[in-house]
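Below you'll find the structure, written out as structure tokens, and then a few comments.
The values are calculated or read from the model by the stated rules, or taken from the named source; none is laboratory data. What you are looking at is a predicted structure, and each value in this text was computed from that prediction instead of being measured. Cβ placement follows ideal geometry from the backbone for every residue including glycine, while neighbour counts extend to all protein chains displayed. These area figures cover heavy atoms from the full protein model, side chains too; ligands, DNA and RNA do not enter into them. Shrake-Rupley method; radii C 1.70, N 1.55, O 1.52, S 1.80 Å.
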Amino acid sequence: MLESQVKTCPEEKRFPLKIVATEIEETEIEFQRSFIINIIPKIDWGVLRGALEEMGLSEKYEIGSKVPENYEEDETFLQLAHHILLEIEIITGKFVCRGTGREFPIENKIANMLLTSEELN
Amino acid sequence: MEDPDISHITESNFQKIYSPSEDTFLLCDALTDEAEGIKERNPKIGVEIGTGSGYVLAHVSRLFKNTDLFVFGIDINPLAAKLTSKTLTQNGISRYEVINCNLLNPFALDRFGSMIDLLIFNPPYVPTESKEIQFNPKDEETWITSSFAGGLNGMEITQKLINQMDQLLSPHGVCYLIAIHENNPHQIANDLAEKGFRTIVVKKKRLRGELLYVLKIIRKK
């Protein structure tokens with residue numbers, strides 16, 4: 001859901017940020033069905049697929065660029081969506097602006113998206 | 001419900017991040033009182049801007065345990081972001097994400113707009129000189145200052161959020177915002193009314209020389 005705020009980055013390259021994941025963790029978070037059903041249509045699945053590829057997980061988790069019809073009743077898909085969206089965490093890595101190459105570090109699962117004072121001016 | 005456990009945060013940490021104070025507790029009380037009503041809106045995405053120690057976010061997460069709510073914690077201060085994450089884990093919370101950024105600047109709001117069901121902000125609200133609001137990651141003296149310094153009328157940061165409210169709140173979303181008398185809550189309400197929002201005072205309390213308000217903001221029908 002994040003985009004590049006670098007001023008010199010062209011608009012069309014701001015989203016999505018490129019992901020470089022050095023350390024990934026797959027955790028366990030309680031499954032809330034109505035949450036997942038609600039959030040699924042809001043996600044850009046093409047972008048999500050790209051993210052999985054960048055993280056080296058596209059073979060492990062195969063998803064199409066579109067959501068299956070009647071996904072609300074597709075238990076397997078709901079569980080997969082839950083796992084991908086909530087349970088895969090980048091511990092260490094970076095987001096990279098596709099327009100400028102500017103890197104935003106991720107440490108201890110927290111992304112530092114702050115621009116420097118030079119970049120703000 | 002017990003208070004959130006923040007025993008992992010040291011005195012030295014509290015010189016660089018905001019220590020839970022009267023405004024923090026007032027906000028928590030307001031959220032506790034409002035919880036049942038908020039639950040009726042079935043919130044899925046919660047965001048707290050300026051989490052500091054993570055106290056309020058931990059409290060909210062516990063109030064909404066076993067519901068759909070997934071929370072995002074935002075702080076401009078990297079130490080606060082780190083400690084918020086620890087606080088949430090320490091209090092048994094896992095449905096969260098913490099990001100170190102300035103307000104919601106890096107969020108692609110034109111793609112992911114109007115998605116926040118529960119928005120919480122205890123802003124830097126103290127009237128100060130404008131230059132005091134600057135957070136500089138390299139100058140630790142600005143860390144604690146930027147947690148309370150609000151610039152002109154204490155409104156420079158709050159105003160940014162108010163201006164974005166339409167892009168942030170979901171159709172049935174609700175925002176809880178702290179303000180003090182000097183921020184001119186009436187003006188805040190008028191400004192929001194022009195933007196299509198209704199403002200309700202859910203708490204008003206004089207604490208240590210400050211008249212504190214907890215404002216609840218929802219879309220006009």
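Taking (1) under 30 Å from residue B:66 (Cβ atoms); (2) more than 14 Å from every other protein chain (Cβ to nearest Cβ); (3) small (Gly, Ala, Ser) in turn, residue A:21 satisfies each apart from (1).
Of everything in the range A:49-77, what is of a type in the set (D, E, K, R), open to solvent by less than 70 Å² (accessible area, probe 1.4 Å) and more than 14 Å from the chain's Cα centre (by Cα)? Give them in sequence order. Passing the criteria: only A:74.
Consider the range B:29-62 and keep the residues that are of a type in the set (Val, Ile, Thr) and in contact (Cβ under 8 Å) with a residue 40 or more places away in the chain. The one that is surrounded by the most Cβ atoms within 10 Å (Cβ to Cβ) is B:51. The number of residues in the range B:113-142 being part of a helix (DSSP H, G or I) and touching a Leu at 6+ places or on another chain (Cβ under 7 Å) comes to 1.
To keep it simple, each residue is scored yes or no on (1) polar (S, T, N, Q); (2) out of contact with any strand residue (DSSP E or B) (no Cβ under 6 Å at 6 or more places or on another chain).
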{"residue": "B:22", "(1), (2)": "no, no"}
{"residue": "B:32", "(1), (2)": "yes, yes"}
{"residue": "B:53", "(1), (2)": "yes, yes"}
{"residue": "B:65", "(1), (2)": "no, yes"}
{"residue": "B:69", "(1), (2)": "no, no"}
{"residue": "B:76", "(1), (2)": "no, yes"}
{"residue": "B:80", "(1), (2)": "no, yes"}
{"residue": "B:83", "(1), (2)": "no, yes"}
{"residue": "B:87", "(1), (2)": "yes, yes"}
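Within the range B:1-28, being assigned to a helix (DSSP H, G or I), open to solvent by 30 Å² or more (accessible area, probe 1.4 Å) and acidic (Asp, Glu) holds for one residue alone: B:22. Among the conditions (1) on the phi < 0 side of the Ramachandran plot; (2) open to solvent by less than 60 Å² (accessible area, probe 1.4 Å); (3) away from chain B (no Cβ under 13 Å), the only one that residue A:39 does not satisfy is (3). Looking at B:146, B:130, just one residue is under 26 Å from residue A:6 (Cα atoms), more than 17 Å from the chain's Cα centre (by Cα) and polar (S, T, N, Q), and that residue is B:130.
Against the numbered list (1) touching a Ser or Thr at 6+ places or on another chain (Cβ under 7 Å); (2) open to solvent by less than 30 Å² (accessible area, probe 1.4 Å); (3) within 14 Å of chain B (Cβ to nearest Cβ); (4) within 22 Å of residue A:78 (Cα to Cα), residue A:46 comes up short only at (2). Return yes when residue B:217 is open to solvent by less than 10 Å² (accessible area, probe 1.4 Å), under 26 Å from residue B:43 (Cα atoms), outside any strand (DSSP E or B) and in contact with a Lys or Arg (Cβ under 8 Å, 6 or more places away or on another chain) and no when it is not. Taking the combined requirement at face value, the residue does not satisfy it. Within the range B:93-103, the set of residues being assigned to a loop (DSSP other than H, G, I, E, B) and either buried (at least 20 other Cβ atoms within 10 Å of the Cβ) or more than 15 Å from the chain's Cα centre (by Cα) (or both) comprises B:93, B:94, B:95, B:101. For the range B:193-214, filtering for residues that are over 17 Å from residue B:122 (Cα atoms) and open to solvent by less than 70 Å² (accessible area, probe 1.4 Å) leaves 4. If you check A:93, A:101 for being small (Gly, Ala, Ser) and either closer than 16 Å to residue A:43 by Cα or outside any strand (DSSP E or B) (or both), only one passes: A:101. Among the residues making up the range B:63-92, those that are part of a loop (DSSP other than H, G, I, E, B), at the interface with another protein chain (Cβ under 10 Å from one of its Cβ atoms) and open to solvent by less than 20 Å² (accessible area, probe 1.4 Å) are B:68, B:69, B:77.
Here the condition is being touching a Phe, Trp or Tyr at 6+ places or on another chain (Cβ under 8 Å), free of Cβ contacts under 8 Å to residues at least 60 places away in the same chain and small (Gly, Ala, Ser); of A:58, A:65, A:117, it holds for A:65 alone.
Identify, from the list B:190, B:183, B:122, the residue that is over 18 Å from the mean Cα position of the chain (by Cα) and either surrounded by fewer than 18 Cβ atoms within 10 Å (Cβ to Cβ) or at negative phi (or both).
Details: B:183 fails: over 18 Å from the mean Cα position of the chain (by Cα); B:122 fails: over 18 Å from the mean Cα position of the chain (by Cα).
It is B:190.
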